[in-house]
Amino acid sequence: MKGVAHFYKLNYDFSPEFAEAHHDGNESENNRFYDWQDELELTNTIKSIEVVEDSVYNLQGEKDGFPFNYEIPNMTCFQFIGEDDSITTMACSQSIVNRFEISEEDELTLSVYLEEKEPLTNPLPGIYIDIQDFPKSLVD
C-alpha cells in the first residue's frame, strides 16, 4: 500500500469566530487554519505504521566535517513498516504534537497536527523537534 505523511503547523492567529461569521466556518486567504503543511510520500510499499510514544530519536549527521549523534528524548516516533520489513521513521517532540491520526483507505496516511505556539526546528524531512530539545551545539 502507498504510504504518505502530512504534517500541519496550526496557526495561532486563526479566528474561528471570523471563519464562522464570514466563511461558513472555513478558513480563508487572510484567516488560514495552518501556518504551513508538509507532505512526505514514501517510495516503498507500506504494510503498517507503528507509533512509539515517549521514545528517543537519534539525530545523526555531520557538522564542520565531524560526525555527531544526539539522543533526543520525549519523542513520538512513527515507524512506517515496509512490505520488505524496512523501517522509515518520522518523529516529533511530544510537546509539539497536538494530535495525530492514521487512516487506511486507498493509502496508509499519517496526519500530524503540530501545536501553534511551540517553536520547532525541522532538521530533516519528517523530523520535528521542539526548539528547547534541540542540541545547542548544533545551533550556529
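Below are the figures for this structure:
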item: Pick from segment 53-82, criterion modelled with pLDDT under 95 and among the charged types (D, E, K, R), ranking: least open to solvent (accessible area, probe 1.4 Å); result: K63
item: Where E107 falls short, out of the listed (1) touching a Gly at 6+ places or on another chain (Cβ under 7 Å); (2) buried (at least 19 other Cβ atoms within 10 Å of the Cβ); result: (2)
item: Segment 27-52, subset in a strand (DSSP E or B) and of a type in the set (A, V, I, L, M, F, W, C), residue modelled with the lowest pLDDT; result: W36
item: Filtered residues of segment 83-96 (kept if open to solvent by 30 Å² or more (accessible area, probe 1.4 Å), closer than 20 Å to F7 by Cβ and out of contact with any Gly (no Cβ under 9 Å at 6 or more places or on another chain)); result: I87, Q94, S95
item: Residue count, segment 125-140 (criterion: within 12 Å of D38 (Cα to Cα) and either open to solvent by less than 60 Å² (accessible area, probe 1.4 Å) or free of Cβ contacts under 8 Å to residues at least 24 places away in the same chain (or both)); result: 3
item: Selection count, segment 74-94, where residues are more than 16 Å from V52 (Cβ to Cβ) and of a type in the set (S, T, N, Q); result: 1
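The values are calculated or read from the model by the stated rules, or taken from the named source; none is laboratory data. Fair warning: this is a prediction, and the values are worked out from it, not measured in the lab. Quick reminder, even Gly has a Cβ in these numbers, built from the backbone with ideal geometry, and neighbours come from all protein chains shown. Calculation scope for accessible area: heavy atoms of the full protein, side chains included, ligands and nucleic acids excluded. Shrake-Rupley method; radii C 1.70, N 1.55, O 1.52, S 1.80 Å.
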